[in-house]
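Colleague: There's a structure below that I have some questions on.
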Amino acid sequence: MPEPVLDAVIVLVALADFLINQWDMSLTAKVTAVIACAALPLRRRFPLVVFLLTLPATLMQEMVVAPFAALFTLAERSRDRWLLSVCAGLFALASVTPWPLDGDSPGRAWTVVTFLYMLGAAAAPVLLGQLLQARRDLARRLVEIEEAREHERLLHSQAVLARERAQLAREMHDVVSHQVSLIAVQAGALQVAAKDPEFKEGVRAIRTLSVDTLDELRHMVTLLRASGGHSTELTPQPTLTDLQRLVSSSGIETELVGELPGQVSTTAQRAVYRTVQEALTNVRKHAPGARATVRLWYDASAFGVTVTNTPATRGALPLPGSGQGLIGLGERAELLGGTFEAGPTKDGGYEVWMSAPL
């Protein structure tokens, strides 16, 4: 139902509740009731203020629709349970307080019973609002989990494809290119030693074809070492120049500080990039709402990166994981002759640390 229509229905029901209960009502009581009903369309923007505006009407007469609607909206939008408890108590207190204040009291025992009854009644809209809030949070969290899973599947497929391409590139470089290089060298030697012009021309053609084939093989090896993200993607794997874009598109409030020296190799730059990528992915999966800091550092003998995140601000649903991401980062660090560590921090966050010698 559209919000304007829903607001109109609630105001009409609250007015009907007011009209039914206006027995010998004073002008002040009528004004407070009208104010309470008129304020209901504003309860989404100012839930606490609207609820407080319904309390005078609740005090002066038996009105429940307007304060319950305001209390439900407040519970739906507020995460302060102490505030909700106080508001429910204020409603119950306003309901049992005699009006006028100098009027006859129904007795202390009956007042306590009525107060407890009205407090239990006020708990219904509070619990219903909190339930709706939890359902909305859960739906949003499920969307984030699905996005994180899709991102993880994409990264995994890219890593598998890149690993297979790299393996094939190594085989071509170490075996095929080596054999073709030997053919070109032997053909060149025969071309120099040959006396027969026809034989010399044939050997020259063999050498030329071998050199051309070697150039093609080197070009193919370069392409095979390209990123394995998409079947048509033949761009080089990311380096430090792509780190700012990774941080900006991570979907996490992340601060990038520090820098690395210019002599860091391309392989080491990829290791730093993948470390930051995996760490931010884990923050998104396991610490929703957390902030992260990516710090690049170096000294006279080593360089590295540290990714630290704060504790989660929202609950995280448990997700199955193979743990291969952190293992792969450790293997990257070992290939560089460095070290890799990961673990929780004292404040409840998490830290990933990778270093390698310059």
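The values are calculated or read from the model by the stated rules, or taken from the named source; none is laboratory data. What you see is a predicted model, and the numbers here were worked out from it, not measured in a lab. Note that each Cβ is placed from the backbone with ideal geometry, even for glycine, and that neighbours are counted across all protein chains shown.
Colleague: Which residue is farthest from the chain's Cα centre (by Cα), if the candidates are limited to the range 285-297 and must be farther than 12 Å from TYR350 by Cβ and surrounded by 18 or more Cβ atoms within 10 Å (Cβ to Cβ)?
Modeller: LEU296
Colleague: Quick test for you: out of ASP24, ASP17, pick the one residue that is at pLDDT below 80 and either in contact with a helix residue (DSSP H, G or I) (Cβ under 9 Å, 6 or more places away or on another chain) or part of a helix (DSSP H, G or I) (or both).
Modeller: Going through ASP24, ASP17 in turn, the sole match is ASP17.
Colleague: Would you mind stating whether GLY304 is in contact with a strand residue (DSSP E or B) (Cβ under 9 Å, 6 or more places away or on another chain), at pLDDT 85 or above and either of a type in the set (Ser, Thr, Tyr) or surrounded by fewer than 21 Cβ atoms within 10 Å (Cβ to Cβ) (or both)?
Modeller: Numbers: in contact with a strand residue (DSSP E or B) (Cβ under 9 Å, 6 or more places away or on another chain): yes; at pLDDT 85 or above: yes; either of a type in the set (Ser, Thr, Tyr) or surrounded by fewer than 21 Cβ atoms within 10 Å (Cβ to Cβ) (or both): no.
Against the criterion (in contact with a strand residue (DSSP E or B) (Cβ under 9 Å, 6 or more places away or on another chain), at pLDDT 85 or above and either of a type in the set (Ser, Thr, Tyr) or surrounded by fewer than 21 Cβ atoms within 10 Å (Cβ to Cβ) (or both)), GLY304 does not qualify.
Colleague: Here are some conditions: (1) aliphatic (A, V, I, L, M); (2) surrounded by 24 or more Cβ atoms within 10 Å (Cβ to Cβ); (3) outside any loop (DSSP other than H, G, I, E, B). MET63 meets all but one. Which one does it not meet?
Modeller: For MET63, the failing item is (3).
Colleague: Additional query: Restricting attention to the range 44-60, which residues are outside any loop (DSSP other than H, G, I, E, B) and either of a type outside the set (Val, Ile, Thr) or not assigned by TED's automatic domain parsing to the domain that holds LEU90 (or both)?
Modeller: Those that are outside any loop (DSSP other than H, G, I, E, B) and either of a type outside the set (Val, Ile, Thr) or not assigned by TED's automatic domain parsing to the domain that holds LEU90 (or both): PRO47, LEU48, PHE51, LEU52, LEU53, LEU55, PRO56, ALA57, LEU59, MET60.
Colleague: Oh, and also: Which one of SER157, SER177 is in a helix (DSSP H, G or I), modelled with pLDDT under 75 and not assigned by TED's automatic domain parsing to the domain that holds LEU280?
Modeller: So the residue among SER157, SER177 that is in a helix (DSSP H, G or I), modelled with pLDDT under 75 and not assigned by TED's automatic domain parsing to the domain that holds LEU280 is SER177.
Colleague: Which one of these is in contact (Cβ under 8 Å) with a residue 40 or more places away in the chain, surrounded by fewer than 23 Cβ atoms within 10 Å (Cβ to Cβ), in a helix (DSSP H, G or I) and of a type in the set (Val, Ile, Thr): ILE35, ILE10? If you could, list the steps in order and put the result at the bottom.
Modeller: Working: ILE35 fails: in contact (Cβ under 8 Å) with a residue 40 or more places away in the chain.
Of the residues listed, the single one that is in contact (Cβ under 8 Å) with a residue 40 or more places away in the chain, surrounded by fewer than 23 Cβ atoms within 10 Å (Cβ to Cβ), in a helix (DSSP H, G or I) and of a type in the set (Val, Ile, Thr) is ILE10.
Colleague: Do we have VAL112 as β-branched (Val, Ile, Thr), at pLDDT below 85 and over 23 Å from ASP17 (Cα atoms) here?
Modeller: yes
Colleague: Here are some conditions: (1) surrounded by 13 or more Cβ atoms within 10 Å (Cβ to Cβ); (2) in contact with a helix residue (DSSP H, G or I) (Cβ under 8 Å, 6 or more places away or on another chain). ARG79 meets all but one. Which one does it not meet?
Modeller: Condition (1) is where ARG79 drops out.
Results for (1) at pLDDT below 80; (2) assigned to a loop (DSSP other than H, G, I, E, B), shown as yes or no for each residue.
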position: GLY251; (1), (2): yes, yes
position: VAL257; (1), (2): no, no
position: VAL264; (1), (2): no, yes
position: ALA268; (1), (2): no, no
position: VAL276; (1), (2): no, no
position: ALA279; (1), (2): no, no
position: ASN282; (1), (2): no, no
position: LYS285; (1), (2): yes, no
position: GLY289; (1), (2): no, yes
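Table: residues versus (1) touching a Leu at 6+ places or on another chain (Cβ under 6 Å); (2) touching a residue at least 40 places away in the same chain (Cβ under 8 Å); (3) crowded, with 17+ Cβ neighbours inside 10 Å.
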{"site": "LEU243", "(1), (2), (3)": "no, yes, yes"}
{"site": "GLU255", "(1), (2), (3)": "no, no, no"}
{"site": "GLU259", "(1), (2), (3)": "yes, no, no"}
{"site": "GLY262", "(1), (2), (3)": "no, no, no"}
{"site": "GLN269", "(1), (2), (3)": "yes, no, yes"}
{"site": "ALA279", "(1), (2), (3)": "no, yes, yes"}
{"site": "ASN282", "(1), (2), (3)": "no, yes, yes"}
